[in-house]
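The values are calculated or read from the model by the stated rules, or taken from the named source; none is laboratory data. Source: prediction; values computed, not measured. Because the Cβ atoms are built from the backbone with ideal geometry, glycine has one as well, and the counts that use them run over all protein chains shown.
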Amino acid sequence: MIITEFMKNILLAFFCVISFSLFAQSQYSRVKVDLTERSIKELAELGIETDHGSYAKNRHFITDMSDKQISFLQSEGFVIEFLIDDVKAFYKNQNIAGHEHYHEHEVEVRNAGPCDTGNGGSGIYDYATPTNY
């Protein structure tokens, strides 16, 4: 069977499309996992990383999870509450003026410049060096 140049190009394009869809990024969401009826140990046993996030014993665990992890936990019977649907977009847009997550006060504080330390406003303080240092 002779494979023409056209068929080779079609086959190459097909594999490219398949590979792009396989390596597409997952969406991450900030979620609250209800632990009133379940334990953090059960989450860990299912392979969910519990070493980072906000944990309130016998209440909830708040962390960022991929859509696959969320679906898996829901299939295991965990109750999930979405706090931020798209974490990437949340962080990307929080510094855009007029966006719902924009906090003007925080931007003013970040751009305030050096603190006045009482020595003319230079922001540099001459700390005493401890003895035997």
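For segment 80-96, the condition holds for no residue, the condition being that it is over 21 Å from Q25 (Cα atoms), touching a residue at least 24 places away in the same chain (Cβ under 8 Å), assigned to a loop (DSSP other than H, G, I, E, B) and touching a Leu at 6+ places or on another chain (Cβ under 9 Å).
In segment 20-40, the qualifying residues are those that are of a type in the set (G, A, S) and within 15 Å of the chain's Cα centre (by Cα), and the one that is modelled with the lowest pLDDT is S26.
Considered as a group, the residues in segment 41-74 that are within 14 Å of the chain's Cα centre (by Cα) and hydrophobic (A, V, I, L, M, F, W, C) include one that is surrounded by the fewest Cβ atoms within 10 Å (Cβ to Cβ), and that residue is I62.
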